[in-house]
1. Where residues in segment 285-314 are among the hydrophobic types (A, V, I, L, M, F, W, C) and either part of a loop (DSSP other than H, G, I, E, B) or at pLDDT below 85 (or both), which of them is surrounded by the most Cβ atoms within 10 Å (Cβ to Cβ)?
2. Is there any pair linking a residue in segment 263-275 that is free of Cβ contacts under 8 Å to residues at least 60 places away in the same chain to one that is not in a helix (DSSP H, G or I) and not polar (S, T, N, Q), with Cβ under 7 Å and at least six apart or on different chains, and which?
3. Please indicate, with yes or no, whether at least one residue in segment 405-421 is surrounded by fewer than 17 Cβ atoms within 10 Å (Cβ to Cβ), in the same structural domain as residue 189 (by TED's automatic domain parsing), of a type in the set (Asp, Glu) and in contact (Cβ under 8 Å) with a residue 24 or more places away in the chain.
4. Six or more apart or on different chains, Cβ under 6 Å: which pairs go from a residue in segment 293-309 that's in the same structural domain as residue 172 (by TED's automatic domain parsing) and of a type in the set (D, E, K, R) to one that's buried (at least 20 other Cβ atoms within 10 Å of the Cβ) and in a loop (DSSP other than H, G, I, E, B)? Could you list them?
5. Residue under question is residue 343, and the condition is that it be surrounded by fewer than 17 Cβ atoms within 10 Å (Cβ to Cβ) and under 21 Å from residue 384 (Cα atoms); does it hold?
6. Being touching a helix residue (DSSP H, G or I) at 6+ places or on another chain (Cβ under 8 Å), outside any helix (DSSP H, G or I) and at pLDDT below 80 is the filter here, so list the residues in segment 100-120 that pass it.
7. What single numbered condition from (1) in a loop (DSSP other than H, G, I, E, B); (2) closer than 19 Å to residue 340 by Cα fails to hold for residue 442?
8. Can you pull out the helices (runs of 4 or more DSSP H) entirely within segment 170-256 that have at least 2 residues that are more than 30 Å from the chain's Cα centre (by Cα) and either closer than 24 Å to residue 394 by Cβ or assigned by TED's automatic domain parsing to the domain that holds residue 291 (or both)?
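The values are calculated or read from the model by the stated rules, or taken from the named source; none is laboratory data. Small disclaimer: the values here were computed from a predicted structure and weren't measured. Every residue, glycine among them, receives a Cβ derived from its backbone with ideal geometry; neighbour counts consider all protein chains shown.
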Amino acid sequence: MRNTLDMKFQRGQALVIIGMSLRGLIAFVGLTIDAGILFAHIGTLRRAVDAASLAAAGQYLQDTTASELEATVMEFLELNGIDSSQTTLEVNVCNLPGDPDFTIYHDSSLCKENNPWDYDRKLVFVRAEMPVNFVFLPVVGFMSTDIKAESIAEAASIDLVLVIDTSQSMADEGPPIPDCNADDSCLPFKDVRASAYRFVEEMSFPYDYVSIVTFDADGILHQTLTNNKAQALSVIDNLVVYQQAPCITLPDPGGCLSTNIAGGLREAGLSLSSEDFGGRDSSLWVLILLSDGSANQALDDDLAWICPNETGEGGLPTWIQPYCVDGDSDTRHAYGEVWYDTNDAAMDMADILGCYQDDNPDQSTYCDNFFNNWHIPGYDGFEALIFTIGMGDKMINGDCNAWYADNGETCHLDMGERLLRYIAAVGDDGNPASDLCAGVAQQDNCGNYYFAQTAADLDPVFRDIAKRIYTRITH
């Protein structure tokens, strides 16, 4: 009898223990699942708020209203999976003089008098808060919790230098020069110029500044940085294709060619560093370079043409393509070396423009080595954000004389694209070693490099660049 009672008692204890264990197990499983739900919602909300603040910053650059700004935020929250009807939203800006009336969203903490910078920045603050309902935790009394995310995006103030190829090849598809310049029928240049015009037309003047540079036999600064929209567009509208005068410098092609990419980059740097009309410390310095071929012309510090060629005896240049290039774009030569060529000169200028300043903690070892040991010790980088656009088949199908193959030398048909990809790699983060184009097929967009088969393909390229430079997350 006692054993029977003991067994019943033990069974009762086991049921209680099992029940308590199941409750604990359910609570643990519920906590795990609900924690996953919570973190998933937090990630979604953060991404949505970042996207909304970026979109609002882009809207802020346009002629918009307070209600349109909020509508943009709500739209991008919804597009990113957030139910705006369940969300508490806060949008703030510094109501700057000359802007539309954003009084209802004004937050003085975003204004320059309450921040370490000494200039007005177009900042948009977005905060969103929403409830997350639990699935299992209500069993133990936890029904829901509120989560929030916030982001500050900046409608970046831009100092932009547009560097456009005006070499003779820019008239290869139409009537000859000078006739096509006379009646404005040079192709593809006419279409290139039209795309550049439309890009500048969409900039946010007078908030942004633009400078116009071209390169052919040398770099030419046509317009210093200006926020006068009409003036900038007029300069673009009057650009023409270069016509080379008869050249009698045989056997040296130096000075007889018209793709001086180094010269264009040099003039861009002079524009940004000008004492009177240079880039503003408060703005983002941006350079966009467009070319339809490889570099074949450059000047040294003594204004002598740089033109080595491996086919010449004792380094004497000859008219063997690729002109004024040693043929091996994989080999980088230092200034002053006998094989220092037009590619090397363009790379040097790209390094100067793209490298970070020496006191910037993100300055790369590459830039330190370049400035201290390579070319110009003691110089400082510009920290410019550089985009390059290669246009047309000559970017990957350049001219390589049979001499190179016959003599076991290397000549890359795609040296034009290789150079522009290098410039873009430096202009991305000041370090060509972190090349986002490494391993990417020819004619594919990568990093800050874009390829356009024809001038008709340039508009989407310029639009994509615009999206990348005009807004950024700052917090």
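1. So in segment 285-314, the residues among the hydrophobic types (A, V, I, L, M, F, W, C) come out as 285-290, 295, 298-299, 303-307.
Among the residues that remain, those that are also either part of a loop (DSSP other than H, G, I, E, B) or at pLDDT below 85 (or both) are: 295, 298, 303-304, 306-307.
On the way: 295: 32, 298: 29, 303: 7, 304: 10, 306: 22, 307: 25.
Only one residue tops the list, namely 295.
2. 263/215; 263/218; 263/219; 263/298; 263/299; 270/221
3. yes
4. 300/306
5. Working: surrounded by fewer than 17 Cβ atoms within 10 Å (Cβ to Cβ): no; under 21 Å from residue 384 (Cα atoms): yes.
So residue 343 does not fit the description; no.
6. Scanning segment 100-120 gives 100, 101, 115, 118, 119, 120.
7. Evaluating residue 442 over (1) in a loop (DSSP other than H, G, I, E, B); (2) closer than 19 Å to residue 340 by Cα leaves (2) as the failure.
8. Numbers: elements: 179-182, 189-201, 229-237.
It comes to 179-182.
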